1. Taking neighbour Cβ counts within 10 Å as the exposure measure, how do Cys203, Cys87, Cys175 sort from fewest upward?
2. Charges only on Cβ, +1 for Lys and Arg, -1 for Asp and Glu: so what's the dipole of the chain about the Cα centre, in debye to the nearest 20?
3. Could you please rank Leu40, Leu150, Leu257, placing first whichever residue has the fewest other Cβ atoms within 10 Å of its Cβ?
4. If R₀ is 35 angstrom, what is the calculated FRET efficiency for the pair Gln5 and Ile262, using the beta carbon separation as r and rounding to 0.05?
5. For the pairs Lys70/Lys171; Lys19/Lys157; Lys66/Lys166; Lys136/Lys157, note any where the Cα-Cα span goes beyond 21 Å.
6. Going toward the positive end of the dipole of the chain, with +1 on Lys and Arg Cβ and -1 on Asp and Glu Cβ, which of Ile89, Asn63, Ala185 do you reach last?
7. For Phe68 and Ser206 in one chain, what is 0.36 nm times their gap in residues minus the Cα-Cα distance, to one decimal in nm?
8. Using the Cα centre as the reference, give the magnitude of the dipole from point charges on the C-beta atoms of the range 21-163 (Lys, Arg: +1; Asp, Glu: -1; all else neutral), rounded to the nearest 20 debye.
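Only the coordinates and a few stated rules stand behind these numbers; no lab work does. Bear in mind that the values here come from a model prediction, so they are computed numbers and not experimental data. Don't worry about glycine lacking a Cβ; one is built from the backbone with ideal geometry, like all the others, and counts go over all protein chains shown.
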Amino acid sequence: MIIFQKVSEIQNFVLQKKKQGYRIGFIPTMGALHEGHLSLISRSKAENGLTVASIFINPTQFNDKKDFEKYPRMVELDVQKLESVECDILFLPSVEEMYENKLLDSELIDIGYLDSILEGDKRPGHYKGVITIVEKLFKAVHPDNVYMGLKDYQQVKVVEKLVRDKKIKIKIIGCDTYREANGLAMSSRNMRLTEQGRVLAGCIYSALSYIKSQKNQYSPKEVLHKTIEKYLNIPEITVEYLELRNAYDLSEVPMNLWEEDIRYVALFAGKLEDVRLIDNLEL
Ligand code: AMP
């Protein structure tokens with residue numbers, strides 16, 4: 001695996017490869033890699049001639065400074081993991097490289113509705129930080145296909161909007177969530193949970209699965225209520241939101257009945273042992 005730290009170097013390399021006919025698959029990450037990240041690399045390897053991963057803990061997308069400071073950092077181990085799945089390129093820039101070089105900030109798109117709901121509402125400024133860095137990374141890496149986890153469902157929608165609004169010729173591919181045996185969605189933040197916390201956190205997936213199983217049995221409102229009572233009403237968990245949305249655009253759905261022509265997604269955010277966890281399930 002080749003590691004690049006400079007924008008100009010990776011740009012030159014990738015553009016050369018594109019001239020030779022290579023299709024470029026790209027997986028942006030913040031490191032502390034787990035099986036979920038590696039599944040995205042494997043998918044890209046299967047669908048592209050060259051696979052690039054990036055590791056960059058983007059300060060501008062953390063609305064909570066403590067969360068940024070506590071974010072796990074373990075680059076050497078990450079490099080070993082990337083090599084084990086034969087990732088071709090790692091882009092590992094510094095903060096200065098991404099924010100102070102000639103890769104100028106382009107005009108931000110209006111994230112609009114997506115910035116005012118769920119994660120956008122709970123983490124002000126988060127998506128502005130995300131699209132800023134994602135656009136810079138796209139300009140550095142020139143990917144054809146970008147693989148993103150549906151675990152960050154709203155993030156995929158926001159990046160799709162960026163690509164659509166700016167007419168960027170990149171395909172965004174949303175990939176299924178990798179889970180622990182108890183259903184807990186893999187996340188770099190899980191490292192901060194105790195063993196007991198990780199076991200308890202399995203209730204999030206149980207809750208989402210219960211919603212799926214109860215769809216059409218009771219009204220959406222009743223299902224959400226029952227789910228909280230049955231799975232999430234424990235002192236260790238603080239629920240920030242548990243919502244049903246239209247999976248197409250995350251718009252609100254009626255709470256009194258299930259509409260046949262709506263594809264639903266249930267989304268959860270909450271805290272356990274002071275670690276913020278999110279998850280979702282399409283119904
Ligand atoms: P992160 O390092 O958390 O920024 O994640 C980098 C990419 O990996 C994002 O597109 C995430 O949605 C994706 N990802 C994170 N966790 C998982 C998971 N458990 N399964 C699949 N993809 C994931």
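1. In order of increasing Cβ crowding within 10 Å: Cys175, Cys203, Cys87.
2. With only Lys, Arg, Asp and Glu charged at Cβ, the dipole is about 540 debye.
3. Arranged by neighbour count, lowest to highest, Leu40, Leu150, Leu257 become Leu257, Leu150, Leu40.
4. It comes out at approximately 0.15.
5. Details: Lys70/Lys171 32 Å; Lys19/Lys157 30 Å; Lys66/Lys166 33 Å; Lys136/Lys157 18 Å.
Pairs exceeding the cut-off: Lys70/Lys171; Lys19/Lys157; Lys66/Lys166.
6. Result: Ile89, furthest along the dipole toward the positive end.
7. Full extension of this stretch gives 46.8 nm more.
8. Details: 17 positive and 23 negative charges, 40 e Å.
Computed charge dipole of the range 21-163: roughly 180 debye.
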